Amino acid sequence: MLRFLHLADIHLGNNQYQNDDRMRDFFFALHAVIRRYAIAEGVDFVLVAGDLFDRRNIEPRVLTQATVVFKELKDAGIPVYAIEGNHDRSGPHDGVSWLRYLSDWDWFRLLEPDHGDGGSLTLEPWDGRRGGYIEHEGVRIIGSKWYGSSTSTVVAPLAEAISRLPPCPAQILLFHAGLEGYIDSYSGGLSHPQLLPLKQAGVTYLALGHIHKRYEEGGWIYNPGSLESCNVAEFAEVRGAYLVAVDPASGAHTARHVDHREFETQRAFRRLRFDVTGQSTPEAVMAALEGMLAAHREQRDDRPVVELTLAGVLGFKRHELVLAQVEALVERILEPLLVRLRYDAMPAEYAVAPGLAVGTDRKQLEREIMRDLVSRDSRYAPEAERYAQILVSLKNRALSGDPPADIALFVAQALSQSGEEG
């Protein structure tokens with residue numbers, strides 16, 4: 001039996017939220033996984049199914065991070081086989097990607113097919129510099145490229161090219177593409193039936209990348225997910241790597257997913273939500289928010305990324321709540337690495353009156369809506385009922401065609417009476 005580690009979507013150089021600590025987190029995650037699950041486990045090889053880097057143009061320090069990891073693998077005698085993903089592929093005018101550069105300097109082997117005119121595709125054996133596939137102690141490892149929206153059209157020629165290769169019971173295909181149905185916002189993914197030609201051509205392990213959550217299908221399709229969270233929402237997803245044992249004689253394999261929560265380097269993410277409804281002043285919001293954050297103090301992680309969403313209906317003007325003060329409050333109580341604020345609270349004047357029963361009389365409904373709108377402004381809330389009556393009367397006078405001078409006099413008298421009684 002041979003053993004290998006299947007990785008994807010490493011995204012080295014992801015300077016998330018323009019924060020250098022987050023960029024180092026992506027390196028720490030890769031370094032820890034390689035040391036613990038490749039070198040310490042003594043695997044025979046490592047697969048990278050695309051998106052080693054977060055972008056095609058990388059900083060020198062990111063290249064250094066990559067070479068640090070690959071040097072340790074080379075010193076341990078563990079080869080790496082990789083393909084390009086959509087993030088680290090070369091541009092139309094770049095000519096050479098950084099993955100090609102690293103491959104040319106023998107840090108790993110970049111596998112990619114040759115494409116000819118008319119959609120033809122061929123797989124040439126690795127010649128020491130380039131190739132579409134390589135044999136590793138009886139296991140064949142085949143590379144592909146990122147094809148984007150044309151991925152579905154490449155499956156058939158790729159399967160045909162694989163079927164033309166000499167027979168091999170154990171064939172692994174590196175493929176940077178997503179299956180449909182695993183990410184709501186992801187469109188253009190392939191279905192399991194669309195991938196079946198690859199299985200029929202002899203692929204026994206399809207090593208996917210591109211979608212940042214773990215999934216597997218049919219006992220031959222595997223997607224490990226990313227090593228780190230590329231956004232706040234991904235933190236809750238199961239991600240990580242696959243540690244796989246394969247029999248070269250039969251292609252039979254067993255795959256164990258290594259959950260990202262086993263990684264000692266994972267940065268914690270905290271998603272908090274605070275409803276501002278019912279708070280009539282910015283000071284009241286801050287006091288209530290401080291109480292909520294204090295309740296989370298004992299659960300404090302080691303400098304997490306905190307996302308705070310302000311929701312509900314404001315009882316005052318939006319600009320009166322100073323977001324810099326909200327952020328400072330979170331930093332003081334939770335001591336995070338950084339704070340991400342989402343302002344989803346709705347100003348009172350745009351919200352719909354709550355609690356109105358279906359079938360409410362039109363006049364009553366109108367009065368209730370007026371009263372609700374008035375009460376959301378703390379300046380007028382104590383006299384909400386009176387101001388609601390004034391607004392209803394004002395509307396009726398306007399609809400009745402009262403002269404503007406009479407309407408203005410009515411408003412002046414009504415406001416004067418409210419002021420005297422207030």
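Laboratory data are not the source of any read-out in this text; all were calculated from the coordinates shown. This is a predicted model, so every value here is computed, not measured. Note that each Cβ is placed from the backbone with ideal geometry, even for glycine, and that neighbours are counted across all protein chains shown.
The distance between label points at V96 and T281 comes to 6.7 nm (points 7 Å beyond Cα on the Cα→Cβ vector).
Once a ≥ b ≥ c are taken as the square roots of the eigenvalues of the Cα gyration tensor of segment 78-130, is the result rounded (a/c under 1.5), prolate (a/b larger than b/c) or oblate (a/b not larger than b/c)? The shape class here is oblate. Extension gain, A408 to R36, is 126.0 nm, computed as 0.36 nm per intervening residue step minus the present C-alpha separation.
Were the residues from N57 through H192 laid out at 0.36 nm apart, the gain over their Cα-Cα distance would be 45.3 nm. Comparing P169, P382, P224 in a Gaussian network model of the chain (Cα springs below 10 Å), the most mobile by mean-square fluctuation is P382.
Taking the Cα centre of each part, how many Å lie between segment 389-412 and segment 232-283? Cα centroid of segment 389-412 versus Cα centroid of segment 232-283: 61 Å apart. Enumerate the residues in segment 311-327 having an amide nitrogen under 18 Å from the point lying 7 Å beyond the Cα of A295 toward its Cβ. Under cut-off, by backbone N: 311-313. Between E160 and R261, the FRET efficiency from the beta-carbon distance, with R0 = 30 Å, is close to 0.15.
Sorting E366, E298 from the fewest to the most surrounding beta carbons within 10 angstrom yields E298, E366. What is the distance in Å between the Cα centroid of segment 144-200 and that of segment 1-33? One Cα centre to the other: 25 Å. Each of P347, L272, A287 was scored by the projection of its Cα onto the charge dipole of segment 269-349, and the greatest displacement toward the positive side belongs to L272; charges sit on the C-beta of Lys, Arg, Asp and Glu. Each Lys and Arg adds +1 at its Cβ and each Asp and Glu adds -1 at its Cβ; summed about the Cα centre, the chain shows a dipole of about 120 debye.
Excluding same-chain residues fewer than 8 positions from K74, which lysines have a Cα within less than 29 Å of its Cα? Output for K74: K145, K213. Net length available on complete extension from T153 to H115 is 12.4 nm, with 0.36 nm assigned per residue and the Cα-Cα distance removed. The modelled label-to-label distance between A76 and D247, using points 7 Å beyond Cα along the C-beta direction, is 2.7 nm. Result for the chain in a Gaussian network model with C-alpha springs under 10 Å: among I83, I390, I134, the largest mean-square fluctuation is at I390. The alpha-carbon atoms of the chain, seen along their principal axes, cover 96, 47, 40 angstrom, with the largest extent given first.
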